[in-house]
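Engineer: Below you will find the structure I want to go over with you.
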Amino acid sequence: MQVKIHWIIDGVADMEAESMEAAEAKVEDMLKKVLADHPDLINVLGARAIQGKAYLPGSDEDTDAETENN
């Protein structure tokens, strides 16, 4: 039986960086390494996209994330 599975990984990284852009670049580099080290994420599990956006703690986006988790 052929079955399709739609999966999502959601996470929030908390790190020190010079700027939001630097933080985004740091996470992007880490995720690219994970994908390179684990090609099955793409070849078997069909990972198509990973995206993220930096925000400052206490911003509307941070508050929205807290509301979703409670």
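Engineer: Between residue 59 and residue 21, how many nm apart are label points set 7 Å from Cα along the C-beta direction?
Structural biologist: It works out to 1.4 nm between the two label points.
Engineer: Using a 10 Å cut-off around each Cβ, can you sort 56, 31 from fewest to most neighbouring Cβ atoms?
Structural biologist: 56, 31
Engineer: Shifting gears a bit: Given (1) 64; (2) 68; (3) 57, which label gives percent of Cα pairs over 15 Å apart as computed from the coordinates?
Structural biologist: From the options (1) 64; (2) 68; (3) 57, the structure gives (1).
Engineer: For an R0 of 25 angstrom, estimate the FRET efficiency from the Cβ-Cβ distance between residue 1 and residue 29 and round to the nearest 0.05.
Structural biologist: In this case the efficiency is close to 0.05.
Engineer: Can I ask one more? Stretched out fully, how many nm does the piece from residue 10 to residue 48 gain, at 0.36 nm a residue minus the Cα gap?
Structural biologist: Taking residue 10 through residue 48 to full extension adds about 12.2 nm, to one decimal.
Any read-out appearing in this document is the output of simple, stated calculations on the displayed coordinates, not a laboratory observation. On a predicted model such as this, the values are computed, not experimentally measured, just so you know. Note that we place each Cβ from the backbone using ideal geometry, even for glycine, and neighbour counts take in every protein chain shown.
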